[in-house]
Amino acid sequence: MDTKKILVTGGAGFIGSALIRHIIQNTQDSVVNVDKLTYAGNLKNLPEVDSSIRYFFEKIDICDKIELKRVFAEHKPDMVMHLAAESHVDRSINNPYSFIETNIIGTYTLLEVVRFYWQELKEKKKKDFRFLHVSTDEVYGDLPHPKNVKDANLYLFEETNAYSPSNPYSASKASSDLLVRAWLRTYGLPSFITHCSNNYGPYHYPEKLIPLIILNCLSGKRLPVYGSGDQIRDWLYVEDHVRALYKVINEGVVGETYNIGGNNEKQNIEVVLTICNILQKLVPSNIPYHSLVDYVDDRPGHDKRYAINANKIKQELGWQPIETFDTGIHKTVKWYIDNLKLYDFQNHNNKFQIKNSGCEN
């Protein structure tokens, strides 16, 4: 199959839009973007893409079975890349229902529509069809913190790790993963699952750690940090992530799970202070940005450390991240400085921050 039509759910979100930009700009494939356009979805994340004759947009909810069936019947995709999800831990703690609805019921609805669509395909197209479910490393729970073990490098997320989700968000994603595995085992639906570490980069909705810290600095507002800020995350530049996703759906082995990590473990406070230092050089402030750090009570069930072993995708598919955290974070900070007016970011604090909380992915 030389060129494909790929249906992407959640294509107006942060990772989904990066994936669509990658496909349109670097391949000859066409894309059907299925997105509900919730608070975190924005078609402004797709500059110039909407003018491509290889791009189609459908504003629908993945829980709407009738509309999903219409989209599949009209567009006849060759592959599906499922990224639509509620993804913010703090929001899941405050309102779990929307996470259950979108991440579990939505995935179930999509799987059923895909299953019946796939079963009716002609032999060649049916054989080549693929379904990729994009998940998170948070389904594994957390890992020992370096301060509590002799060698933390011995503890990494492997594809075979048992699931141990810590919050409603990660529990809903773990549930959706299990649905995909069941549809593979029971119905033979040709599928893959990927687990990624914390993404960052341009167009990131500013409720998450990195964009919120950047924008709060530029607004002179406090930089809320949970606990002591010693929680560790593995940071993955979003463009590296979407390269991996495209490689998995085209070259991966059906039924396999692939962990995708950035090999960049950082404490949250390290990330915050790095951003402060970069901004102090690019946009000097008389009041040092790091003086805005405000430590707040830790959130319930907060995972202490995430770290991915990405050897499998490197060895089997030849993927590895291009960006280091240093290069990626500089690109990200610069992008936000250059695009402050894109989403009316100057009013971001009232719009995007959960009251009295810290900030994190």
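Observations on the model:
- Considering region 74-123, the qualifying helices (runs of 4 or more DSSP H), each wholly inside and each with 3 or more residues that are among the aromatic types (Phe, Trp, Tyr), run over 107-119.
- Filter result (farther than 30 Å from Lys122 by Cα and surrounded by 16 or more Cβ atoms within 10 Å (Cβ to Cβ)) within region 39-74: Ala40, Gly41, Asn42, Leu43, Asn45, Leu46, Val49
This table checks each residue for (1) modelled with pLDDT under 95; (2) surrounded by 23 or more Cβ atoms within 10 Å (Cβ to Cβ); (3) over 26 Å from the mean Cα position of the chain (by Cα); (4) closer than 25 Å to Ile15 by Cα.
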| residue | (1), (2), (3), (4) |
| --- | --- |
| Lys76 | no, no, no, yes |
| Met81 | no, yes, no, yes |
| Arg91 | yes, no, no, yes |
| Ile100 | no, no, no, yes |
| Tyr117 | no, no, yes, no |
| Lys124 | yes, no, yes, no |
| His133 | no, yes, no, yes |
| Val139 | no, yes, no, yes |
| Asp151 | yes, no, yes, no |
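- For region 264-276, the set of residues classified as of a type in the set (Asp, Glu) and outside any helix (DSSP H, G or I) consists of Glu265 only.
- Taking every residue in region 27-50 that is among the aromatic types (Phe, Trp, Tyr) and pairing it with any residue that is assigned to a loop (DSSP other than H, G, I, E, B), at least 6 positions away or on another chain, the pairs with Cβ-Cβ distances below 8 Å are Tyr39/Tyr205.
- So Val333, is it modelled with pLDDT of 95 or more, under 23 Å from Ile232 (Cα atoms) and surrounded by 14 or more Cβ atoms within 10 Å (Cβ to Cβ): yes
- The residues of region 277-318 that are in contact (Cβ under 8 Å) with a residue 60 or more places away in the chain, surrounded by 14 or more Cβ atoms within 10 Å (Cβ to Cβ), among the β-branched types (Val, Ile, Thr) and under 16 Å from Leu218 (Cβ atoms) amount to a single one, Val293.
- Any strands (runs of 3 or more DSSP E) falling wholly within region 162-263 and containing at least 2 residues that are buried (at least 22 other Cβ atoms within 10 Å of the Cβ), modelled with pLDDT of 95 or more and under 16 Å from the mean Cα position of the chain (by Cα): 191-196, 198-200, 232-237, 257-260
- With respect to the conditions (1) of a type in the set (Ser, Thr, Tyr); (2) within 29 Å of Lys4 (Cα to Cα); (3) without any contact (Cβ under 8 Å) to a residue 60 or more places away in the chain, Ser164 lacks only one, and its number is (2).
- Odd one out for Pro300 among (1) within 13 Å of Val225 (Cβ to Cβ); (2) at pLDDT below 95: (1)
- For region 185-204, taking the residues that are in contact (Cβ under 8 Å) with a residue 60 or more places away in the chain and small (Gly, Ala, Ser), the one that is farthest from Glu159 (Cα to Cα) is identified as Gly201.
The values are calculated or read from the model by the stated rules, or taken from the named source; none is laboratory data. Everything numeric in this text was worked out from a predicted model, so none of it was measured. Every residue, glycine among them, receives a Cβ derived from its backbone with ideal geometry; neighbour counts consider all protein chains shown.
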